[in-house]
Each structure stands twice: as structure tokens, then as C-alpha cells.
1. Could you check the stretch A:1-29 and list, in sequence order, the residues that are of a type in the set (Lys, Arg), out of contact with any Lys or Arg (no Cβ under 6 Å at 6 or more places or on another chain) and within 14 Å of chain B (Cβ to nearest Cβ)?
2. Pairs only if they're at least six apart or on different chains, beta carbon under 7 angstrom, first in the stretch A:143-163 and surrounded by fewer than 16 Cβ atoms within 10 Å (Cβ to Cβ), second assigned to a loop (DSSP other than H, G, I, E, B); list them, first residue then second.
3. Being within 11 Å of another protein chain (Cβ to nearest Cβ) and either modelled with pLDDT of 95 or more or closer than 14 Å to B:Val74 by Cα (or both): is that true of B:Val24 here?
4. Scan the stretch A:171-193 for residues that are in contact (Cβ under 8 Å) with a residue 40 or more places away in the chain, closer than 19 Å to A:Lys206 by Cα and out of contact with any strand residue (DSSP E or B) (no Cβ under 9 Å at 6 or more places or on another chain) and report the count.
5. When you check A:Arg261 against the structure, is it assigned to a loop (DSSP other than H, G, I, E, B), within 14 Å of chain B (Cβ to nearest Cβ) and either surrounded by 18 or more Cβ atoms within 10 Å (Cβ to Cβ) or on the phi > 0 side of the Ramachandran plot (or both), yes or no?
6. In the stretch A:91-112, what residues are assigned to a strand (DSSP E or B) and either more than 14 Å from chain B (Cβ to nearest Cβ) or over 10 Å from A:Cys135 (Cα atoms) (or both)?
7. So in the stretch B:183-197, with the set limited to residues that are more than 8 Å from every other protein chain (Cβ to nearest Cβ) and outside any loop (DSSP other than H, G, I, E, B), which one is nearest to B:Lys18 (Cα to Cα)?
8. Return the residues of the stretch A:73-90 that are within 14 Å of chain B (Cβ to nearest Cβ) and of a type in the set (A, V, I, L, M, F, W, C); say none if nothing qualifies.
Amino acid sequence: MKKRRLIPVLLLKDGWLVQSKGFNRYQNLGNPITAVKRLSEWASDELIYLDISRRDEYDLRRDDLNHPNRRNILNIIEDVSKETFMPITVGGRIRSLKDIEVRLSKGADKVAINTKPLEDPRFISEAAKEFGSQCLVVSIDVKTVNGRPTVMTDGGRSPTEHAPTGWARTAQESGAGEIFLNSVDRDGAKTGYDLILVDEVVKAVKIPVIACGGAGEWKHFGEVLSQTAVDAVAAANIFHYVDQSVYLAKKYLFEHKFDVRNPDLLVLR
Amino acid sequence: MMTKARVCILDYGCGNVKSVYNLVSTLDAEVTVSNAPQAIADASHLVLPGVGAFGRSMDRIRELLPMADLQSAVQRQGKPFLGICVGMQVLAVTGREFGEHPGLGWVPGEVRQLETAGMPLPHVGWNNIRIESPTPLLEGLGESPDFYFVHSFALRTDAPGLIAATAEYGQRFPAVIAQGNLYGVQFHPEKSQRPGIRLFKNFLALS
């Protein structure tokens, strides 16, 4: 039986690991590589790295604090893929086929694309043709605008004319392999997933959907898994509050009879 | 004393070579990524990674791999060979993904789209396998270990002796095949954490 996945999301801003609230407030959590060691082997099923930097230059050259932790996303992927043998998705700032190729060659298994396909939907089919649907995750940020769930672009800042279900279907038809569905309203709110949104999008497409945004307690994972047919649950902030967080979340789900991998078989070598 | 395994990872431009390399590098083995006849001749173990579509992969394999040398190493010298995902699928006679494409034909069967009875495709995620016939490749992994899968197509074969393990996703399909020194896995052991590491260790212990 296929298991449903639990996926920590690591948000990187200017080379730092951060926490996010409402897509606009950030708190620095430190070094992204040590975070992986902490998170990855404790029963995570995959990892998603999202680079939410706004600046074009943020690597060591721009490092006025001279701090050794500031790394560029490509170095981070390279290091992470040597440390941990599980699927890694990398998103953020992907604007060309070349951007995808570079990330895959550094050890990413999949890429998450968001803004570029909204500007040019052909980008999905071009990328699918070149690299295969299996490595293409279309990331969809949704926010309630005038009472209506609306697909957002530009890092959750600007509304588009798309409704989430329609855009998810377009992404699927263009060759997306998975949908990464993120609720901007719930980001950092700790009030649980947007179950209505997740349910609608899951029902609109045949490809797997990963739900993200709103997890504040382990039971929120249980809610979205039991009340929707979502394929995977992802979260960022919640996994940084406690030690062994992914393991504990997995254990909670396993003990509550959800179809997840048994975390006891997975702890560190 | 056993000599160290010398692993050659074949690179035809379609596989996630780096991920396989990263994992095997942590084990007690010498690893090279190469298509050179000499590298294949020097190797004790061969790995054919794979990601993507059947037809394109076969085109690249024909274009970039020295087929006569590979065939000699695998079929005459009997070096342990592991095909991963599409690298397993291309061992079949035919692939039916975006048209019909001849495969290497080293194992009987053809590759067809999974019939999932409405479940999402591709089949992405962790699934347990069921061991159908014991093989040293799966030693120490228990009755039904979980591995990471990403695929829409799978092997169909009526050669039952070929299938070492199956998995279920809408339909039951071959997850591990074994035919003499020839092994194939539909999942990605290089992305399967501990069970994956164990599988590679088992593979390197084959001689």
C-alpha cells in the first residue's frame, strides 16, 4: 500500500533558514545544513526547499556580515544531497529551463515552479518535455481576495485571475507531476489546513497534491489526511519548534492508524 | 578476503547519476561515473540509473553507451548489473510510452502504463514491496520494506521466475526483477533512506 507523505518545508531567505508568517514576516532560524541533519533523517518522507529571497545577489559576495552560514541555494542542494538519501524538491526563483537543469544537476530530484508558469503557461509543458513530469511540481499559492480563493503570483503578493481548481487543472494538462498547494491565509496561523481548499483542488486533478499552510499541532495533519484525499502533507514552521519534530509528528499519525511509514523503522543509522 | 567492489555508474544523460553516486560513495566501494569501455571492463558492478521516458532513454543509451562492451560485461562475464527505474524498464523487449520503442530485450516483457483504477498518476511516494521469490538483493530487508517510487509505467511480464518482488498501486506490478546477474528495481533505492542503503550494500556484496 502506498503511504501518504509527511514533508518538511525549509524556507530559505538570503541563504538563511527562516520561519514565515502570512508570507511577509520572517524570523531567522540559522544554518540550513544543520537543520537538514536535524529534520531529514527523523522519518521525513521528502524535503522541500523554497528559496524566497527577493534579492538577486545574496551569496558570499554580497555577504557584508561575513558570516559563514550564508550560502547560495545551489551549494545548499549540493551539500544536502550528499547528507541525506531522500527525494529533494527545490523551488524559488526558477525562471528558465536552464535554472531547472542546474538544480537537478546539483542533486535536486524535483523542482517547484510558481510564478513563471503564471506568466507563461507553456513553461510547464516545455519543462515537462525536457525533464519529465515526474520532476515538475507546480506550486500554487492561494489567498482569499474579495471573499474568493485566488491564485497569487510573485511570492503571494499579487492576485491573478485564476481560481485554484482551474489553475491546478491547467497545470496538470500542461504536464505537471504534482501540485504543491499553499494557503497564504493560513501561513504561520497555526489554525489547521484550509480543508475546503485542499478538498476542492484534490478533487479537481488526478495528479498528487501536497497540502501546505496552517499546521500548528500534530492533529492538523490528521485532519487534512482524514478529511481529504490529499497525497501528502507539508509544513514548515511547526517542525522547528520541537526537537525530533518530524519523528513525533509521524509517530502521532502512525499511532492514529494513518497510512504513513512506521517512524520507528526509520530513525538515524 | 573480499576485494573492494568497483562500481561503474553508467551515464547516458537521463539518469539522476549524482544521487546514485552520492549514496554509493558512502559505502565501501570504488565508484566511477563513466561510459568508457575501459571503465566498464574495469568495473566489478554496473549500475544503470534512470529517470524520465522510455523512448528518449533508449535513444540516449544507444547513442552514448558502448553496447558491445556492456553486453559482453553483463551477458558473457556475468558482472552484477542493477537497473534503476527507467534503467530497469529498458531491459524489457518493448516500451509503450509515447509510442512503441524497442528496449534492450535482456528480459522478457514489455513496459506499459499502470492501470491505477482512478488513483493519481504518476505513482509518487513510499510504497511497500512484497517479496515473491527470495533474492540476495533484498536480504535483511524484512517481509515488506518501503521504497520510494516515481513512475507511471511498469513492466508486464509473463515470466514468473523473473519477478523477485512486487508492489501494489491499483494493480500489482514487478518492483524487483532478478535474472542471474541481472537485477532491476522500479523504485529509487538511492532515495529510499535506510532500506535503499541496505539494498546497495547487498548489491555490492554480489559477485
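1. The answer is A:Lys2, A:Arg4, A:Arg5.
2. A:Thr144/A:Asp185
3. yes
4. Residues meeting the conditions: 0.
5. The answer is yes for A:Arg261.
6. Answer for the stretch A:91-112, where residues must be assigned to a strand (DSSP E or B) and either more than 14 Å from chain B (Cβ to nearest Cβ) or over 10 Å from A:Cys135 (Cα atoms) (or both): just A:Gly91.
7. My answer is B:Pro189.
8. A:Leu74, A:Ile77, A:Val80, A:Phe85, A:Met86, A:Ile88, A:Val90
The values are calculated or read from the model by the stated rules, or taken from the named source; none is laboratory data. Since this is a predicted model, take the numbers as computed values, not measurements. We place every Cβ from the backbone using ideal geometry, glycine too, and count neighbours over all the protein chains shown.
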